[in-house]
1. Please work out which residue is modelled with the highest pLDDT, limiting yourself to segment 55-70 and to residues that are out of contact with any Asp or Glu (no Cβ under 7 Å at 6 or more places or on another chain) and either away from the ligand (no atom under 15 Å from the Cβ) or basic (Lys, Arg) (or both).
2. Does segment 195-208 hold any residues that are of a type in the set (Gly, Ala, Ser) and at pLDDT 95 or above, and which are they?
3. Report, by residue number, each residue of segment 188-246 that is buried (at least 23 other Cβ atoms within 10 Å of the Cβ), among the acidic types (Asp, Glu) and within 18 Å of LEU582 (Cβ to Cβ).
4. Can you tell me which residue in segment 209-267 is modelled with the highest pLDDT, limited to those that are within 12 Å of the chain's Cα centre (by Cα) and small (Gly, Ala, Ser)?
5. Looking at VAL328, VAL343, VAL333, can you tell me which residue is touching a Lys or Arg at 6+ places or on another chain (Cβ under 8 Å) and more than 26 Å from LEU374 (Cβ to Cβ)?
6. For segment 395-410, give me each residue that is buried (at least 24 other Cβ atoms within 10 Å of the Cβ) and either under 18 Å from VAL487 (Cβ atoms) or out of contact with any Gly (no Cβ under 8 Å at 6 or more places or on another chain) (or both).
7. If you take the residues of segment 71-116 that are farther than 30 Å from GLU368 by Cβ and at pLDDT below 55, which of them is nearest to the ligand (Cβ to nearest atom)?
8. Within segment 519-550, track down each residue that is out of contact with any strand residue (DSSP E or B) (no Cβ under 9 Å at 6 or more places or on another chain) and in contact (Cβ under 8 Å) with a residue 60 or more places away in the chain.
Amino acid sequence: MERCSVLFFPDNVAAQVPPGTTLLRAAALAGLELKSGCGGKGTCGRCIVQVKQGRVRVADTGNLPKRKVREGYVLACCTYVEGNTVVEVPGDSRLIEHQVLVDSKEVLPETAPDVQLGDRLGPLCRQLQLQLDEPTLVENASDLSRLEARLRKEVPGKELSISLGTLQKLAQALREENWKVTVTLAEFDGRAEIVAVRPGHGQRQALGLAVDIGTTTVVVYLIDLATGVTMDMRGTYNKQSRYGDDVITRMVYATEEESGLADLHEAVLETINELVAKLVARNGVDPADILQVVVAGNTTMSHLFLGLHPRYIRLEPYIPTASQFPPVRAREVGLAINPEAWVLTFPAVASYVGGDIVAGTLYAGLTESDEVGLLIDIGTNGEMVLGNREWQVACSCSAGPAFEGGGITFGMRAMKGAIERVEVDPDTLEVSLSTVQNARPIGICGSGLIDCLATLRNAGIIDRAGKFQTDLNTPRLRHGETGPEFVLAWGRETECGRDIIITEPDVKNLLRAKGAVFAGIRTLLKAVDFDLDGVSRIYIAGGFGNYLNVRDSINIGLLPDVPAEKYAFIGNSSVKGARMALLSADTWRTAFEVARSMTYLELSADNVFMEEFFSGLFLPHTDLSLFPSVRK
Ligand code: FES
């Protein structure tokens, strides 16, 4: 079949593709990840590239300004290759490759304690060093019976099992060091399985992975199962982003494209395997020593990870294939670690309250306290859990990915170069910024967007409804392609060389996101007739990076107006909960109890939620009595 060469600059990488392939697909084949918020439907306008040479067919240029089109700029998803082509990829059309911040220097007055496992350190998987008796003509039991007889003392009353892959290596492993072996035993869900038998009592470690599969990012912790020490951690973009920013777009992709489910499954596996490869290389460990994995993710991500179709999660009455997922082998799911390792996926509560929230609830310690706490996880969705040891009620509101940078012109995750703090002088309207790792700014992350909204309002640049006051005397306030916009950083100061701006549509998106989160909190409290004063602690989870300004979050009406001491910022509670379960079989058991007992409140048809949502589209809210400190 005829092939065309598509060469991408400045990376100087090429793909050979059949005519009719989109530039977006060609870029992916060449190993370049372009932003593609709408999953290639031509509506988000984020996959912009410049055709320098060659033959292409442009089906649609979306909202690209005419000037740009004349210069050869196109939407990569709407442009089809017809001959050899040379393409330039602008910096801000790429999914940034910088490492995602995986942990936070908590800066709130008091942070949730990293729950000490103490006596509960009882990993799902442990190693035993054994010396077996050599067989004789009289003591002639099979190798497996000999091993099982010795192990039975370790796991009294439990049925022992072994996988075929481990059994195939058993005879050799037992004899290589004269019946001295190190056995890895996995114990969960009432089972005890021999996962690995290795010759001798050497220094081979038993390692585990705690994984958070977020819609936007994936984070992996590498953990020593014997000591519980987190050896290293890494995070990056979920490669599924090439098929759309949010879970709905990805569910549509899985449903409408023939290879949709396989593409999404492979993309997340590729993401995890790349992170694992980097962790393994950086720590000089053998992937074969990774013997247990616990994964937490929202219900759609868990489905896609396991190759389950998410089709019916999207359609009323929103039914997932499963809420509790069977344990699978690493080889079954495609993880590049010890093929016999068990991979456990956190149970979900409902289609839109997933295992990540169950993990977060455990990490926040909500189910261990008599006092009532509130967990708010601000990600692509806003999910919240109210409760204590006795009861928990949860809901999810589609806040949209604004606080993760989605749908915001210069939005990004908390990574090197992300603007995380913004201040505007109300007199001069001059801006001061700080960025993650003090790098030159490339975009603005969730905490920066919260600051930005608060400071724009405080300086009188936007009104309570988020409209720009266009009569102010500053060059920073100007009219752009989508209406009024404010320049946060001039092109000469930024990494991408372009002015970093916030536009009126960005502000509206942020108002919708914060309005949905606050409406979710109010609806939850009303549903159980509980007063905010009765909540002893509010745990904030999410990928905000190093910093979250509680005062500004209250000022914009994102968080309830309670004393700052009540708040605790707990970072990525999903991966931390997965780590707890990996290291404590008790915690893993509790996860199922919590998932089963948590009451789910469906908000999609809830009138209270809709009323609250519309009231929350103002800064901070239509009802100022809810924000006494702001009113003051
Ligand atoms: Fe091309 Fe959205 S416009 S991916």
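The values are calculated or read from the model by the stated rules, or taken from the named source; none is laboratory data. In this text, all values refer to a predicted model and were calculated from it rather than measured experimentally. Heads up, the Cβs are rebuilt from the backbone with ideal geometry, glycines too, and the neighbour counts pull from every protein chain shown.
1. Within segment 55-70, the subset out of contact with any Asp or Glu (no Cβ under 7 Å at 6 or more places or on another chain) is 58-64, 66-70.
This time we only want the ones that are either away from the ligand (no atom under 15 Å from the Cβ) or basic (Lys, Arg) (or both), so: 66-68, 70.
Numbers: LYS66: 83, ARG67: 84, LYS68: 85, ARG70: 91.
Per the stated criteria, the residue is ARG70.
2. Taking segment 195-208 as the starting set, the residues that turn out to be of a type in the set (Gly, Ala, Ser) are 196, 200, 202, 206, 208.
Hit for segment 195-208 is GLY208, nothing else.
3. Result: ASP212, single match.
4. Within segment 209-267, the match that is modelled with the highest pLDDT is GLY214.
5. Just a single option satisfies the conditions, and that option is VAL343.
6. ILE408, PHE410
7. Keep residues of segment 71-116 that are farther than 30 Å from GLU368 by Cβ, which gives 71-99.
Restricting the remaining residues to those that are at pLDDT below 55 gives 97-99.
Details: GLU97: 18, HIS98: 21, GLN99: 24 Å.
Ranking the candidates gives GLU97 first.
8. Within segment 519-550, the subset out of contact with any strand residue (DSSP E or B) (no Cβ under 9 Å at 6 or more places or on another chain) is 522, 526, 529, 531, 533.
Matches in segment 519-550: ARG522, LYS526.
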